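Heads up: the structure comes next, in C-alpha cells.
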Amino acid sequence: MIFFDFSKNIYPNSEVPYFKKVISFVEHWQSGLEIIQINTSGSTGLPKRIDIKRQQMVASAKLTGQYFYLKEGDHAFCCLNVEFVAGMMMLVRAMELKLQITVIEPIGNPFLGMRETNKFDFSALVPLQIQAILENEITRKYLQIHSNIKNIIIGGAAINQQTLKAIQQLNIPCFATYGMTETVSHIALRSLIGEESTEYFNKMKGINLDIDERNCLKIKGLCTDNKWIQTNDIVDLDSKKNSFKLIGRANRVVNSGGIKVYLDIVEKEIENEVYSCFRKNIRYFLFGLNDEKLGEKLSILIEAEKEEFNINIKEMFKYSILDKYKIPKEIFFAKKFEETASGKVDYLNTIQLIK
C-alpha cells in the first residue's frame, strides 16, 4: 500500500514492482507527458494499444470531479490496475484535482485488512471486487456499519442480480459506469441505490450521444478529443439523447435456426435459473457452437469443475418460462475462465479451453 497527497506534494517511495509502475506513471505525468499509450481490455477481441492525449484525460478527470463534488484534499482509493484506463484515471484524477490517494495492488477483495479508521471519499471497483467484498462478513460490515466510503463507482463488466441486491442494502451512493478506453473511462453513470436506482445511464456534462443504423451508441466530447467514437453497444437512447439503456453488444449474437439471439440479453434472463441451480454466484457466459441443423447452437459455459456438479442442461432449465430459442442446448464446464490482463473474461480464449 502506498499513499500520495497531491494537495501537499507528498510522494511515496517503493521497491515493490507494481508500485514502481505507479510512481513511474505519476512522475511521467508530472513532467508534462502529452501522449499516453493505453491497452484496451481485449475481452471480446484482440487487445490493442491506442494513443490518448493528455487533454482528454484531464477533461475526463474534471468531469468526474464535478459529478461527485470532489475537492482538494479529498481521499481516493485505487485498487484497479494502473496499466489500464480505469486505474490510470484514478491517478490522473488525484493529480489534477489535488486529492490524497491510497493505492494498493489489484486483488479480489481490496478491503481485506481495512480498519475502521480508513475512510475514503471516492473509490472505483470492478463487479468481482464488490461481489467479494459483500460476500465476506468482515468487509461487508466495513461498508454497511461504518459507511467508510462516500461514493463507489463500479464498471468494467455487468453486475449480476444477486450482487445488485446486496449493493442495495448499503447506505452508500453506488453507481454503475459506462465507458471504455477510447472514451477515457466513464462517460455515463446510473445509480444503484434506493429510489434513484435506474436501468438508464445518464450522460455526464459535455458528452454528446447518438446512435447509428444498428441502434449502436456513438459518443463525442472533450474526453474523445471531440471525435465521434462508434461503439458496438446496442442501446435504447431517450428522445433528448441524455440517457440510454444498455441492451447488448451487436457482436455478441448467435444466429440459431434463423433467429438472432443477443447473448448479453439472454445471459441476464437466465440468471435466476443458473443461480438456483448452483446456489451461489458463479461465472458463466453463452456462445454459439457450429451446428449442421441450426447453423449455430446456443450453448452455455460455466466456471466450475464438471465433476463437482451432476447437472445436465434439461434439469437446469426444466422450470424455465423463456422461449425455447433462448434456452441453451448444451452445457460445458471450465475449471477457470481465461482472463484479460485487466481482469475481464476472455471469451475467445476461454471457449478454446473446451475445444
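The values are calculated or read from the model by the stated rules, or taken from the named source; none is laboratory data. Worth saying up front: this structure is predicted, and the values here are computed from it rather than measured. Glycine also receives a Cβ, built like all others from the backbone with ideal geometry; neighbour counts cover every protein chain displayed. Keep in mind that these areas ignore ligands, DNA and RNA; they rest on the heavy atoms of the full protein, side chains included. Shrake-Rupley method; radii C 1.70, N 1.55, O 1.52, S 1.80 Å.
Details
- Cβ-Cβ contacts under 8 Å between residues 6 or more apart (or on different chains), taken from a first residue in the stretch 111-131 that is within 12 Å of Gly155 (Cβ to Cβ) and in contact (Cβ under 8 Å) with a residue 40 or more places away in the chain to a second residue that is of a type in the set (Phe, Trp, Tyr) and surrounded by fewer than 23 Cβ atoms within 10 Å (Cβ to Cβ), are absent.
- Exactly one residue out of Asn202, Asn272, Asn255, Asn251 is of a type in the set (S, T, N, Q), modelled with pLDDT of 95 or more and either surrounded by fewer than 18 Cβ atoms within 10 Å (Cβ to Cβ) or in contact with a His (Cβ under 8 Å, 6 or more places away or on another chain) (or both), and it is Asn202.
- Enumeration of residues in the stretch 145-168 that are within 14 Å of Phe120 (Cα to Cα) and more than 14 Å from the chain's Cα centre (by Cα): His146, Ser147, Asn148, Ile149, Lys150, Asn151
- Residue in the stretch 159-171 that is of a type outside the set (Val, Ile, Thr), open to solvent by 50 Å² or more (accessible area, probe 1.4 Å) and out of contact with any helix residue (DSSP H, G or I) (no Cβ under 8 Å at 6 or more places or on another chain) present: yes
- Ile211 being within 17 Å of Asp233 (Cβ to Cβ), surrounded by fewer than 19 Cβ atoms within 10 Å (Cβ to Cβ) and in contact (Cβ under 8 Å) with a residue 24 or more places away in the chain: yes
- Within the option set Ser191, Ser185, Ser123, being open to solvent by less than 30 Å² (accessible area, probe 1.4 Å) and in contact with a Gly (Cβ under 6 Å, 6 or more places away or on another chain) holds for one residue only, Ser185.
- Within the stretch 137-156, tally of residues that are at pLDDT 90 or above, more than 12 Å from Ile172 (Cβ to Cβ) and part of a loop (DSSP other than H, G, I, E, B): 1
- For the stretch 170-241, the strands (runs of 3 or more DSSP E) that sit wholly inside it and include 1 or more residues that are within 18 Å of the chain's Cα centre (by Cα) and of a type in the set (Ser, Thr, Tyr) are 174-180, 185-191, 200-203, 229-237.
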